[in-house]
Amino acid sequence: MGRLVVLAMLVGACRLDFDPLGDAAGAADSAMINCTTGTRHVVTMGHCYALHELGSNIAWDSARTACIADGGHLATYASSAEEAAVMPVLAPTDRTWIGMSDVEIEGTWLWIDAEPMSYTNWRGTEPNNGSGGPVENCGVNSQAATSWQWNDIACDGGINGTPNYLCEIEG
């Protein structure tokens, strides 16, 4: 195999040698992971988080399908430390789809990767299912006054649209 072909194959992946939270499990993980998709990405806790900023609305299910095509899923958070390692670094400028919904049973929020939802970060009175407006069954990270928190919005992107989505690719 020629040198250019080998180099091209190596460029498409990054090593998980840096772990900003000092997570021993993540630092010890030396597996290769594709972390080249999206407009920005960060590797932490053994996972790649790739932010896709489109500039126009995308529906939650379309974002979910795009993440699957990238080899992952919409991002899920097992802890506040995980979310804190991702959102400030990527700092999207608008609402960003993440991998939770209550489509199956109204009011029962589930992560799409079947992880238990033991950590939550809802903003104010969320989830409120639209407070009498359009049904809101899909979750976003939404910038609040002082931090990123979660909101439930209509799965089509809501009134103002949702132009971003966050994929998580596990190592």
J(HN,Hα) series, segment 155-171, from Karplus relation 6.51 cos²θ - 1.76 cosθ + 1.60, nearest Hz, glycine and proline x: 5, 7, x, x, 4, 8, x, 10, x, 10, 8, 10, 9, 10, 10, 7, x
Karplus-derived 3J(HN,Hα), 6.51/-1.76/1.60, for each residue of segment 48-56, Hz, glycine and proline x: 9, 10, 10, 8, 10, 10, 9, x, 9
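A short reminder: the numbers here are calculations on the coordinates, not readings from a lab. Just so it is clear, the model here is predicted, and its values are computed rather than measured.
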